[in-house]
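No lab work stands behind these numbers, since they all come straight from the coordinates. Computed from a predicted model, the values in this text were never measured in an experiment.
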Amino acid sequence: MFSSNRKSSAPTAGAAATSLVARGATVRGDIHFSGALHLDGTVEGSIHADPGSEGVLTISETGRVVGRIEVPHAVVNGGVTGDIHIAERLELAPQARIEGDVHYQVLEMAAGAQVNGKMIHRGPVTVRQLAQQAIDAAPALT
């Protein structure tokens with residue numbers, strides 16, 4: 001009747017987990033995450049992916065953010081009031097409504113998405129820029 005033949009698949013330490021803010025839920029405060037964050041509810045505060053993570057933020061058509069967003073990857077189909085800083089790729093779906101500046105490297109924007117703010121493209125870091133950063137960070141020899 002009850003079989004113990006099932007293989008339990010415990011998540012590994014490196015596996016990315018998905019967090020959910022459900023429809024009807026409101027979070028007041030900042031969120032720091034790694035892995036994936038799916039937002040169907042409301043966040044009143046900033047959203048940050050952990051440094052060095054491949055964090056993915058998904059905001060559904062019922063999701064709302066009032067605050068700053070800083071993540072590597074995002075898919076937005078809901079509302080955002082605040083600046084968005086995307087290190088790699090941003091997808092704006094048809095029901096996206098952005099009130100704030102958008103900083104991105106790669107952008108995909110569907111017909112119907114709206115942005116009321118500046119669209120600021122940031123290119124990938126070049127070898128010259130990396131070299132200059134290393135020079136600036138090195139202690140001066142006197």
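Taking the Cα atoms only, what angle lies between the long axis of helix 127-137 and the longest principal axis of the chain, rounded to 10 degrees?
Tilt relative to the chain: about 80 degrees.
Sum -39500 (n - 2.57) across every DSSP H segment of at least 4 residues in the chain, then divide by the residue count to get the 222 nm mean residue ellipticity, nearest 500.
-2500 deg cm²/dmol, from helical runs alone.
Kindly identify the chain as rounded, prolate or oblate by the Cα gyration tensor criterion: order the square roots of the eigenvalues as a ≥ b ≥ c, call it rounded if a/c is under 1.5, otherwise compare a/b with b/c, prolate if a/b is larger, else oblate.
oblate
With contacts defined as alpha carbon pairs under 8 Å and 6 or more residues apart, what's the relative contact order of the chain in percent? Please list the in-between numbers first.
On the way: 348 pairs, mean separation 17.8, N = 142.
Computed over the chain, the figure is 13 percent.
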